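I have placed the structure first, in the form of structure tokens, so that the comments after it can refer back to it.
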2 protein chains.
Amino acid sequence: MATLIVPQSVPSPAEDCEQLRKAFAGWGTNEALIIQILAHRNAAQRNLIRETYAATYGEDLLKELDKELSSDFERVVLLWTLDPAERDAFLANEATKRLTASNWVLMEIACTRSSHELFMVRKAYHARYKRSLEEDVAYHTSGDFCKLLVPLVSSFRYEGDEVNMTLAKSEAKILHEKISDKAYNHEAIIRILTTRSKAQLNATLNHYNNAFGNAINKDLKTDPKDEYLTILRATIKCLTCPEKYFEKVLRLAINRLGTDEWALTRVVATRAEVDMQRIKEAYHKRNSVPLDRAISGDTSGDYENMLLALIGHGNA
Amino acid sequence: MATLIVPQSVPSPAEDCEQLRKAFAGWGTNEALIIQILAHRNAAQRNLIRETYAATYGEDLLKELDKELSSDFERVVLLWTLDPAERDAFLANEATKRLTASNWVLMEIACTRSSHELFMVRKAYHARYKRSLEEDVAYHTSGDFCKLLVPLVSSFRYEGDEVNMTLAKSEAKILHEKISDKAYNHEAIIRILTTRSKAQLNATLNHYNNAFGNAINKDLKTDPKDEYLTILRATIKCLTCPEKYFEKVLRLAINRLGTDEWALTRVVATRAEVDMQRIKEAYHKRNSVPLDRAISGDTSGDYENMLLALIGHGNA
């Protein structure tokens with residue numbers, strides 16, 4: 001389901017490093033060459049390139065990229081080049097320092113990664129920031145957001161397919177009761193959403209829909225301006241159908257006055273190696289425009305080329 | 001600091017299995033032989049013995065032990081033989097099903113294991129119970145206990161020595177304010193205790209003591225019968241000086257009408273390979289009786305022999 005295209009025969013990390021070195025050399029930078037290499041290597045290959053670059057030239061490839069590139073193109077290349085767990089740790093740390101809107105990034109990382117991946121993010125966070133992820137999230141958020149986000153980023157959900165239907169029914173009932181009482185921040189709602197396995201949660205929400213006549217997210221839309229309700233609905237979407245969640249993030253990033261490059265870059269860099277194919281399908285279906293055309297319409301230059309390479313445009 | 005004594009030359013797992021098989025054979029069981037083997041092998045060696053036993057005889061060593069042994073002796077042998085992460089998962093699962101007193105076991109596991117060890121417990125919990133640890137804890141506890149225990153068992157604390165003294169001072173002040181207001185379940189207290197690294201927490205609590213004239217646990221002793229305050233004090237003790245915490249558990253288990261074998265077995269089986277030497281020192285100092293003598297006075301037979309072997313009595 002990834003859109004990353006790795007050539008059939010990949011040059012050795014040493015050859016890639018040599019080419020990258022050339023791309024940085026002299027006046028001006030050869031951005032096309034950087035895209036040609038980095039946008040077509042998987043995480044393991046990129047890690048090897050970084051190691052080889054440091055061993056060969058005694059310099060950090062990321063710092064070189066930082067020196068040579070700028071603005072949106074720089075950000076997408078840097079984010080992409082990072083190892084996925086390191087990248088998520090970086091994005092999460094950034095989110096703990098910014099405005100409440102970036103709470104979404106924390107929720108997104110906590111809910112759309114596998115349990116093992118999320119744990120690797122927490123390990124990478126220790127290594128890079130000398131603190132724990134949950135410690136920074138708890139410190140920098142407050143109120144209902146804190147109550148929701150801290151258990152989300154600390155979760156290690158069971159990932160098996162087993163579903164307990166009795167439990168699904170009883171917890172659907174609890175959810176419905178609390179929502180009917182408008183007790184949206186009730187600890188039972190938070191407990192169910194932050195601890196149950198995705199399979200179990202899915203069964204519970206299906207039962208909710210069957211027994212009470214509405215999808216839960218419809219019942220959670222009583223006040224479209226309430227930010228907590230908005231993140232609660234997004235949490236449910238991330239846990240049950242991440243590609244629809246990401247489609248919407250892209251849609252909102254693109255269809256507005258002034259593109260939200262921050263969101264566009266994040267989604268492309270974090271999903272190209274995971275489920276971007278499904279996200280593209282969802283995007284096309286919902287917007288009647290293919291994602292690559294939408295991106296071309298809203299971006300330009302190296303930034304556009306890098307995004308298109310990552311979403312598999314060349315061979316699309 | 002472990003008290004486990006492993007002989008200089010250890011028989012092969014195959015030889016150990018053969019001896020164990022002999023110990024189970026015929027009428028009656030040779031308990032002394034079981035102790036002689038299992039109580040003198042480390043976790044890796046015990047795991048190898050279990051694997052070899054299953055491969056050689058097609059039977060699960062733990063089930064065999066379960067068949068052959070009984071009561072307290074059975075429990076200590078079974079708990080000890082389990083891999084530490086599996087054992088903690090077992091104890092934690094048992095705790096989620098029992099009365100509130102067993103909340104202590106959950107807190108103890110969450111606070112006295114390293115971050116990596118606690119994560120291994122969560123993995124073992126998935127494998128064995130097809131659910132997550134935090135899911136069961138959240139479901140089976142309520143109120144303030146739930147608010148404290150869920151983040152404790154989900155924590156993945158940073159383990160470096162770095163301390164931020166400015167933060168230590170500001171958080172000591174927060175703790176003191178909330179405690180002065182008797183807001184013992186305030187989210188700031190829970191946040192600090194459940195997310196900060198042990199080094200950072202230690203600095204904060206030292207500053208608390210210096211700045212406000214009392215150790216925090218003294219200020220948390222306003223109502224000795226309050227169960228939440230009791231577990232809050234125990235949490236702090238586990239995080240800052242685990243050997244004193246375990247000394248007290250042993251003291252209360254032994255010095256009472258009818259020994260609390262449940263607690264005695266748990267502490268010996270979980271700490272023999274970790275810090276039992278320090279716990280023994282703390283016990284002797286606090287009770288003016290060596291721990292082995294205290295255990296001998298309160299237990300008997302194979303159970304006594306197994307406990308004494310694990311706390312290193314033979315060579316003490």
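The values are calculated or read from the model by the stated rules, or taken from the named source; none is laboratory data. Keep in mind it's a predicted model, so treat the numbers as computed, not measured. Glycine gets a Cβ as well: all are built from the backbone with ideal geometry, and neighbour counts include every protein chain shown.
Structure values in brief
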quantity	calculated
Some residue of the stretch B:78-88 being surrounded by fewer than 21 Cβ atoms within 10 Å (Cβ to Cβ), of a type in the set (Val, Ile, Thr), more than 8 Å from chain A (Cβ to nearest Cβ) and more than 25 Å from A:HIS116 (Cα to Cα)	no
Total residues in the stretch B:51-88, condition in a helix (DSSP H, G or I) and under 16 Å from B:TRP262 (Cα atoms)	12
Qualifying residue in the stretch B:170-180 (condition: in contact with a Lys or Arg (Cβ under 7 Å, 6 or more places away or on another chain) and at negative phi)	no
Residue check, B:THR100 in contact with a Phe, Trp or Tyr (Cβ under 8 Å, 6 or more places away or on another chain), more than 8 Å from every other protein chain (Cβ to nearest Cβ), modelled with pLDDT of 95 or more and closer than 21 Å to B:LYS237 by Cα	no
Residue count for the stretch B:201-245, restricted to those that are out of contact with any Asp or Glu (no Cβ under 8 Å at 6 or more places or on another chain), without any contact (Cβ under 8 Å) to a residue 60 or more places away in the chain and part of a helix (DSSP H, G or I)	20
Unique match (being free of Cβ contacts under 8 Å to residues at least 40 places away in the same chain, in contact with a helix residue (DSSP H, G or I) (Cβ under 6 Å, 6 or more places away or on another chain) and of a type outside the set (A, V, I, L, M, F, W, C)) among A:ASP161, A:ASP181	A:ASP161
Residue among B:ASP60, B:ASP72, B:ASP88 that is farther than 19 Å from B:THR270 by Cα and either of a type in the set (Phe, Trp, Tyr) or in contact with a Phe, Trp or Tyr (Cβ under 9 Å, 6 or more places away or on another chain) (or both)	B:ASP60
Residue in the stretch A:215-237 that is within 14 Å of chain B (Cβ to nearest Cβ) and modelled with pLDDT of 95 or more present	no
Whichever residue in the stretch A:166-200 is more than 18 Å from B:ALA138 (Cα to Cα) and outside any helix (DSSP H, G or I) and, among such residues, is farthest from the other protein chains (Cβ to nearest Cβ)	A:LYS182
Single residue of A:GLY213, A:GLY160 found to be closer than 21 Å to A:ARG113 by Cβ, surrounded by fewer than 22 Cβ atoms within 10 Å (Cβ to Cβ) and more than 20 Å from the chain's Cα centre (by Cα)	A:GLY160
Pairs, first more than 7 Å from chain A (Cβ to nearest Cβ) in the stretch B:129-151, second part of a helix (DSSP H, G or I) and aromatic (Phe, Trp, Tyr), C-beta under 7 Å, six or more apart	B:LEU133/B:TYR125; B:ASP144/B:TYR228; B:PHE145/B:TYR228
Count of residues meeting criterion [farther than 14 Å from A:ARG50 by Cβ and surrounded by 14 or more Cβ atoms within 10 Å (Cβ to Cβ)] in the stretch A:12-34	8
Residue satisfying all of: in the stretch A:103-128; of a type in the set (Ser, Thr, Tyr) and either within 9 Å of chain B (Cβ to nearest Cβ) or free of Cβ contacts under 8 Å to residues at least 60 places away in the same chain (or both); nearest to A:VAL249 (Cα to Cα) among these	A:SER114
Selection from the stretch A:222-253 of residues that are under 19 Å from A:THR204 (Cβ atoms), hydroxyl-bearing (Ser, Thr, Tyr) and over 14 Å from the mean Cα position of the chain (by Cα)	A:THR240
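Yes/no matrix, rows are residues, columns are (1) assigned to a helix (DSSP H, G or I); (2) within 25 Å of B:LEU106 (Cβ to Cβ); (3) in the same structural domain as B:MET306 (by TED's automatic domain parsing):
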site: B:MET1; (1), (2), (3): no, yes, no
site: B:PRO7; (1), (2), (3): no, no, no
site: B:GLN19; (1), (2), (3): yes, no, no
site: B:TRP27; (1), (2), (3): no, no, no
site: B:HIS40; (1), (2), (3): no, no, no
site: B:LEU48; (1), (2), (3): yes, no, no
